[in-house]
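Enquirer: Here you go, one structure.
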Amino acid sequence: MLTRRPTRARAAVLLVAAALPILAGCRSAPDVAAYVGDERITVTELQAAVRERLADDGIAAWAEGRESDLTRRVLGTLVDQEVYATAAERYDVDVDEDDVSRRIDELLGSDDADAAYQALAQQQGIGRADVRATVRQQLVRRELAAREGEAGALEEEALRARYEEVRSELATLEFGYVTVPDQPTADALLAELTAAPGRYAEFAARYPGQYTLPAVRSQRIEEIPPLLAEQLQMTPPGNGFTLPVPEVGGVVVGLLVSTEVPSFEDTRAQLEEEAAGPADAAGGELVRAVREDLGVTVNPRYELRDDEGRLTPVEGGVVDLLDDAAAEDPAGGAAD
């Protein structure tokens, strides 16, 4: 069943470290938090990225008591930024800001953007920049899959065909039902309802009970009990039906006021999400290969140690946060 998914969001701001000649060839410089190929993510940049997020009151509240988690996530997502940028360059994939904005608008649909971002900040510690970065990565993966011929299900023709298959399941129905004691009463009530559907509440008030709706309601097909949904789907708007149901002690009189089916464009984002699994996986494999080729190393002199999430010098070997970041980020920021 095609359903709206709540908005998914991860990652971070693209920050590229400036090359420092004195560190050339060195993979353990004290002011470098992580190396991605020849690029460096400096400790200064990492701390700035964390501060940027904490400037959002919602994220700051989320991060209280788990500052280390936030810092580890940010480091992992900064690494992701470098990896995806390199993958896009190698495969000549261009995802610009307009592409990202359009995709976010599709995902939000009619939802209030400010409310959605506020919820992400408060519940998951995710900011607007993180959302944009995650959406960019999604688009890069799909473009890479298209280059490999693995994105057929996301093409316009395939999406429209899928829409025709599921459009009836996406319908929202405005309906009511009243349970009466016998068939003659049901027939008389049905005539009244179809003649004056605007008086539904008045007519329903004559037969109150557990199996009578006091006023018409709107629901998706998938939310309506199957027996009732089946009858409603066979009924033209403005008409009704009678259905003996001994289990409820009488005859159900149903009225379908209207049916609203979302357009293809309104449903496109949901259709794409449904079809995206194989394409995302194929694009993710290419990104993973780029990641392995680049090599990702966290400075062996640094590890997240204190309660405030600061990077502090420690003794020991290389600490690779890539897998840890993917496991700890509930939104999947470091995932391919």
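Enquirer: Between residues in region 197-222 that are more than 15 Å from V252 (Cα to Cα) and residues that are surrounded by 13 or more Cβ atoms within 10 Å (Cβ to Cβ), which pairs lie under 6 Å by C-beta distance while being six or more apart or on different chains?
Expert: P197/V257; S218/T172; S218/E174; R220/T172; I221/E169; I221/A171; I221/A229
Enquirer: Going residue by residue through region 18-26, is there one that turns out to be surrounded by 15 or more Cβ atoms within 10 Å (Cβ to Cβ), farther than 30 Å from L271 by Cβ and either modelled with pLDDT under 90 or of a type in the set (S, T, N, Q) (or both)? Explain how you work it out, then say what you get.
Expert: Quick first cut of region 18-26, residues surrounded by 15 or more Cβ atoms within 10 Å (Cβ to Cβ) only: 23.
Filter once more, so that each one left must be farther than 30 Å from L271 by Cβ: 23.
Okay, now just the ones that are also either modelled with pLDDT under 90 or of a type in the set (S, T, N, Q) (or both), so 23.
Yes, region 18-26 has at least one match.
Enquirer: Let me ask something else about it. From the list T71, T42, T86, which residue is in contact with a strand residue (DSSP E or B) (Cβ under 8 Å, 6 or more places away or on another chain) and closer than 22 Å to A146 by Cβ? Walk me through how you get there before you give the answer.
Expert: On the way: T71 fails: closer than 22 Å to A146 by Cβ; T42 fails: closer than 22 Å to A146 by Cβ.
Just one listed residue meets the conditions, T86.
Enquirer: Another question about this same structure. Which of the numbered conditions does E222 fail, given that it passes all the others? Conditions: (1) assigned to a helix (DSSP H, G or I); (2) over 23 Å from the mean Cα position of the chain (by Cα); (3) not hydroxyl-bearing (S, T, Y).
Expert: (2)
Enquirer: Shifting gears a bit: Filter region 176-229 down to the residues that are touching a helix residue (DSSP H, G or I) at 6+ places or on another chain (Cβ under 9 Å), surrounded by 12 or more Cβ atoms within 10 Å (Cβ to Cβ) and among the acidic types (D, E) and list them by number.
Expert: E192, E222
Enquirer: In addition: Identify all residues within region 116-144 that are among the aliphatic types (A, V, I, L, M), out of contact with any Gly (no Cβ under 9 Å at 6 or more places or on another chain) and either open to solvent by 50 Å² or more (accessible area, probe 1.4 Å) or under 25 Å from E156 (Cβ atoms) (or both); write none if there are none. Don't jump to the end; show me each part of the working.
Expert: From region 116-144, those among the aliphatic types (A, V, I, L, M) are 116, 119-121, 126, 129, 131, 133, 135, 139-140, 144; that's our starting set.
If we keep only those that are out of contact with any Gly (no Cβ under 9 Å at 6 or more places or on another chain) as well, we get 116, 129, 131, 135, 139.
Correct list: V135, L139.
Enquirer: Can you tell me which residue is modelled with the lowest pLDDT among those in region 254-295 that are basic (K, R) and open to solvent by less than 40 Å² (accessible area, probe 1.4 Å)? Walk me through how you get there before you give the answer.
Expert: First, the residues of region 254-295 that are basic (K, R): 268, 288, 291.
Okay, now just the ones that are also open to solvent by less than 40 Å² (accessible area, probe 1.4 Å), so 268, 291.
Details: R268: 76, R291: 89.
Filtering region 254-295 for residues that are basic (K, R) and open to solvent by less than 40 Å² (accessible area, probe 1.4 Å), the one modelled with the lowest pLDDT comes out as R268.
Enquirer: So is V166 modelled with pLDDT of 85 or more, open to solvent by less than 60 Å² (accessible area, probe 1.4 Å) and not in a strand (DSSP E or B) or not? First the steps, then the outcome.
Expert: Details: modelled with pLDDT of 85 or more: no; open to solvent by less than 60 Å² (accessible area, probe 1.4 Å): yes; not in a strand (DSSP E or B): yes.
Here the answer is no, as V166 does not meet what is asked.
Enquirer: Related question: Might you let me know whether region 132-139 holds any residue that is closer than 30 Å to V74 by Cβ and among the β-branched types (V, I, T)? Explain how you work it out, then say what you get.
Expert: First, pick out the residues of region 132-139 that are closer than 30 Å to V74 by Cβ: 132-139.
After this cut, where a residue has to be among the β-branched types (V, I, T) as well, the list is 134-135.
Among the residues of region 132-139, at least one is closer than 30 Å to V74 by Cβ and among the β-branched types (V, I, T), which makes the answer yes.
The values are calculated or read from the model by the stated rules, or taken from the named source; none is laboratory data. Computed from a predicted structure; not experimentally measured. Methodologically, a virtual Cβ is constructed for each residue, glycine included, from the backbone with ideal geometry; neighbour enumeration extends over all protein chains shown. Each accessible area value is taken on the protein alone, full model and side chains, heavy atoms only, with ligands, DNA and RNA left out. Shrake-Rupley method; radii C 1.70, N 1.55, O 1.52, S 1.80 Å.
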